Amino acid sequence: MDLPVPLLKALADGTRYGIVQFLLTHDLCVRALSRRLGVSDAAVSQHLQVLRRAGLVKGEKRGYWTHYSVERGKLREIAGMLGDMADQGVSPECMCLRTLPASGDINKRRAGNMCKDCCERPEQLNNEPRECTPQQIRECHGDTKDHPCEKKEE
């Protein structure tokens, strides 16, 4: 599955999003879009170019004018990808132990398998990472270099 990043970037701009919204209800030319959006024809043309490159709109020549419409299949594709992303389950084997119940079997099986950004012995540390002493960090992680608990000098 291709990443939808270019498609999402194309829709991330408010004007381009507005263009797509208008084109969902009517096929429109640049002039009609510029009047509805209150921006110049040149600006609309630039935005349409980005949307065309992303495959979100297509143009059809009608006499002297090109009328644009939305590629609804692309929108459905993006929606499907986002839906699939939202439906992904969290695997207990990939979770940080700090987010799991303290007495669970998974904790016992994965005692040394904590994610790199968390303290393996949080009970030895203060409430907030910025309050940890270098000694506490060394006891928990063995080193203080570039660690999230490390106190930052400002």
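Could you work out how far apart the two model spin labels at Gln21 and Gln46 are, taking each label as a point 7 Å from the Cα in the direction of the beta carbon, and quote it in nm?
According to this spin-label approximation, the distance is 2.1 nm.
When a/c reaches 1.5 or more, the comparison of a/b and b/c decides; with that in mind, is region 5-74 rounded, prolate or oblate per its Cα gyration tensor?
Cα axes put region 5-74 in the oblate bin.
Throughout, read-outs are computed from the coordinates displayed, never taken from laboratory work. Fair warning: this is a prediction, and the values are worked out from it, not measured in the lab. Please note: Cβ atoms are built from the backbone with ideal geometry, for glycine as well, and neighbour counts cover all protein chains shown.
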